[in-house]
Amino acid sequence: MDAFYASVEQLDNPELRGKPVAVGGSSKRGVVSAASYEARKFGIRSAMSSVIALQNCPELIFVKSNFKRYHEVSDQIRKIFHEYTDLVEPLSLDEAYLDVTENKKGNPSATLIAEEIRKKIKEKTGLNASAGISINKFIAKIASDINKPNGQKTVTPDEVLDFLENLEIKKFYGVGKVTVKKMYRLGIFTGKDLKQKSKEFLEEHFSKSGHYYYHVVRGEHRSEVKPSRTRKSLAAERTFSENITSEIFMLERLENIAEEVERRLKKSKVAAKTITLKIKYSDFTLQTRSKTLPLYISSKELILENVKELLFQESMKNSVRLLGISLSNLNNEKGKTPKKKSVSVQLQFDF
């Protein structure tokens, strides 16, 4: 989906259409969750500080997130996907992989299927979608960004190698900003540059990721579309309007966060053994403290009891601007809870 959260807000409020809109909080501690295409022209992106966003675009309109509405629209879109195939792997509320090799419509053209789906989404929701079509998930993901917004790109089997060789390395899915800088230092600027490096060279400089880079630049990515993705972790966090210096106040906030985590655990029908406390200080340094328990837990009381222990494990270095709790080592992994259905949940954060 194109600028999904912001587009939903513009759809529901005609006064926002054609204007720079950011979903998130406008306070000095606020963060942009999503930006409309009008806002993106000013360099505004998700995860950007609201203060910086307003400096870039003083006319920027902030709208509070409405995840209940986003879920509602997302459900409508996924129903359309399932009209074509049951091999749908959601990545988030606004994105999914579809395997249409064999589809319910008997249509041999993935390109035409993508066009139909985008048209139906527009008719059903009033929103624009973009698509990437190719031989595997990696290339389809990259292709989906080529003709955004409201477009699509097909990379046929005989075009794959040329497409990847001519692609800027920063556009490779899975190559982040830090890795891009490292690749630049190594003289890797395009897919062609990457392809010229040996597997040994890439593994030496990028460890296990080097193996991944070696194969994807050759069009090799064997990850299947998996309709049921097992959740590995679950978390919630809060950024505060004012820095907190007292552990007593921190415990009050952590109790609320633990309650939210408990709600999400119950909704996902899982429990966890590993608990992690996330602390971001006023100087933006980040610290995590973890412990693994002998038994699975899912109640707020047990979560909070262990978080307290982690909180007082050592003294605070500075005042705190953010606290978070995450649970991992869940009992939905293979062999831990046989015959139990895995449920995926889109986490919601307050900005």
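Shape analysis of the stretch 158-216 yields a ratio of the Cα radius of gyration to the Kirkwood radius, Rg/Rh, of 0.93. Counting only DSSP H runs of at least 4 residues, each contributing -39500 (n - 2.57), and dividing by the residue count of the chain, the helix-based mean residue ellipticity at 222 nm comes to -11000 deg cm²/dmol. Fully extending the segment from Lys41 to Leu91, taken as 0.36 nm per residue of separation minus the present Cα-Cα distance, adds 15.4 nm.
Residues considered: Lys182, Lys269, Lys19. Largest GNM mean-square fluctuation over the chain, using C-alpha springs under 10 Å, is found at Lys182. In terms of overall dimensions, the stretch 4-65 has a Cα radius of gyration and Dmax of 10.0, 28 angstrom. Amide H to amide H, with H built 1.01 Å from N, Val31 comes under 5 Å of Gly25, Ser50, counting only residues 5 or more places away or on other chains. If you plug the beta carbon distance of Lys68 and Phe312 into 1/(1 + (r/R0)^6) with R0 = 30 Å, you get a FRET efficiency near 0.25.
For the chain, the longest principal axis of the C-alpha atoms and the axis of helix 110-125 are separated by about 50°. Considering only Asn147, Leu91, Leu202, the residue lying farthest towards the positive end of the dipole of the chain is Leu202, judged by Cα position with unit charges set on Cβ.
Rounded if a/c is under 1.5, else prolate if a/b is larger than b/c, else oblate: which is the chain, with a ≥ b ≥ c the root eigenvalues of its Cα gyration tensor?
Values: a/c = 1.44, a/b = 1.35, b/c = 1.07.
Judged from the Cα gyration tensor, the chain comes out rounded (a/c under 1.5).
Given their separation in residues at 0.36 nm each and the Cα-Cα distance between them, Glu159 and Lys267 gain 34.5 nm when the chain is fully extended.
The percentage of C-alpha pairs in the stretch 83-221 whose separation is greater than 18 Å is 58%. Springs between Cα atoms under 10 Å define the GNM used for the chain, and in it the highest mean-square fluctuation of Thr239, Thr276, Thr285 occurs at Thr285. Across the chain, the longest piece that holds none of the GluC sites (Glu not before Pro) lying in DSSP loops with up to 10 other C-beta atoms within 10 Å covers 103-313. Here is the link list: Lys41/Lys79; Lys105/Lys192; Lys171/Lys232. Which ones come out longer than 29 Å on Cα distance? Check vs 29 Å cut-off fails for Lys41/Lys79; Lys105/Lys192.
Site pair Leu286 and Ser223 shows an inter-label distance of 2.0 nm when each label is modelled 7 Å from Cα along Cα→Cβ.
A simple spin-label model places pseudo-atoms 7 Å from Cα toward Cβ; at Phe201 and Ser241 they are separated by 5.5 nm. Angle, helix 67-82 long axis vs. longest principal axis of the chain, Cα atoms, 0 to 90°, nearest 10? The helix 67-82 is inclined about 30 degrees to the chain. Here the label points at Ile146 and Ser209, each 7 Å from Cα along the C-beta direction, are separated by 2.5 nm in the simple model.
Each value in this text was obtained by applying a stated rule to the coordinates, not by laboratory testing. Here the structure is a predicted model, which is why all the values come from computation and not from measurement. Here Cβ is always computed from backbone atoms with ideal geometry, including for glycine, and neighbour counts include all displayed protein chains.
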